[in-house]
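Here the structure is laid out as structure tokens; the discussion comes afterwards.
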Amino acid sequence: MSIIKALYRITIHPNNTNHKYIALLRVIWWRINQVTFKIPALIQLTPETKCICYPDSSFGSLIVYEGWPEYAEMEYIYHNLGSDDVFVDVGSGIGEMSLIAASKITKGRIFAFEPTQQSRERLYENVLLNNLVNTVRIFDQALSSKKGKSTFRTTKISETNHISHTINNEQGNIEVRVTTLDHVIRKEKISQIKILKIDVEGAEYDVLLGAKKALLGKKIAVIIVELNKNSRNYGHSNTKTLDLLNSCGYKTYILKEGGKLSKIPLGDIISRILNIVAILPK
């Protein structure tokens, strides 16, 4: 993404439209901080929760710039969770989605899955900061279609870490434990999940396949998933993922700002990044 396009995206973000110049000054300050001072920023995500953002984190930088970078998903989570609900955060990163969920869930539970050490440590730091140890349960495992171990490919951009189907000793690859959501639901005695959020850089189909019993058993009310071209790295397609959800009784839509839902376009959706919400009809 070019600098001009990036700045334009920041200025048109819903949190910045009324104070674009302040947003641009914030970008300049943060870029200077990244090079010179390297001091983490403390960002108010919701009235109830704050998030520590480090200068070396690309997604943390987006939080500094925009507050809610994935605005449609974050907005939906914030407005559709209740105090007793269960939220499952697959690919939780530094915990921004879990923190937003925790601002609504006071009696329920949050399960956050993050297999990479640096992101998980920062997730735990944010959980401690917000006194959420009794609400947010952190797992060091990845979720997939079966239990075992897998190679996890790490990158300089920690938010794009993902399971690799190529088993090798490349620098940056680590071995992680893998489990299924069906196993976690059974072990943790979860009766109902209000929202399942999945952001695993292309491995969404495998995560859903490992939750098929829960899907067919109507134990997950809403699923938020980002689909992009990375699914091809796993031998799947976005269409295959949507077909799985539809076969389990879900209605799938594109999620837009304001909680608006629109029909998924026909034809090739492989090359597009789509924020999908799958809703189980009542």
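Brief remarks on what is shown
- Residues of region 42-51 satisfying the condition of being buried (at least 20 other Cβ atoms within 10 Å of the Cβ) and more than 23 Å from Lys20 (Cα to Cα): Thr49
- Residue satisfying all of: in region 13-29; of a type outside the set (D, E, K, R) and in a helix (DSSP H, G or I); farthest from Ser61 (Cα to Cα) among these: Tyr21
- Unique residue being surrounded by fewer than 18 Cβ atoms within 10 Å (Cβ to Cβ) and assigned to a helix (DSSP H, G or I) when the list is Ile39, Ile10, Ile32: Ile32
- Those residues of region 95-154 which are among the aromatic types (Phe, Trp, Tyr) and under 22 Å from Asp56 (Cα atoms), in sequence order: Phe113, Tyr124, Phe152
- Filtering region 54-65 to residues that are part of a helix (DSSP H, G or I) and either aliphatic (A, V, I, L, M) or surrounded by fewer than 21 Cβ atoms within 10 Å (Cβ to Cβ) (or both) leaves Ser58, Phe59, Ser61, Leu62, Ile63, Val64.
- The requirement of being at pLDDT 95 or above, within 21 Å of Glu70 (Cβ to Cβ) and out of contact with any helix residue (DSSP H, G or I) (no Cβ under 8 Å at 6 or more places or on another chain) is not satisfied by Lys189.
- Test: residue in region 222-232 that is modelled with pLDDT under 95, among the hydrophobic types (A, V, I, L, M, F, W, C), out of contact with any helix residue (DSSP H, G or I) (no Cβ under 6 Å at 6 or more places or on another chain) and surrounded by 13 or more Cβ atoms within 10 Å (Cβ to Cβ): no
- Looking only at region 70-90, residues that are surrounded by fewer than 20 Cβ atoms within 10 Å (Cβ to Cβ), touching a Lys or Arg at 6+ places or on another chain (Cβ under 8 Å) and in a helix (DSSP H, G or I) come to 2 in all.
- If you filter region 51-84 down to residues that are within 17 Å of the chain's Cα centre (by Cα) and charged (D, E, K, R), you find that the one that is farthest from Ile279 (Cα to Cα) is Glu66.
The values are calculated or read from the model by the stated rules, or taken from the named source; none is laboratory data. The structure displayed is predicted, hence computed values, not measured ones. Cβ: placed from backbone, ideal geometry, glycine included. Neighbour counts: every protein chain shown.
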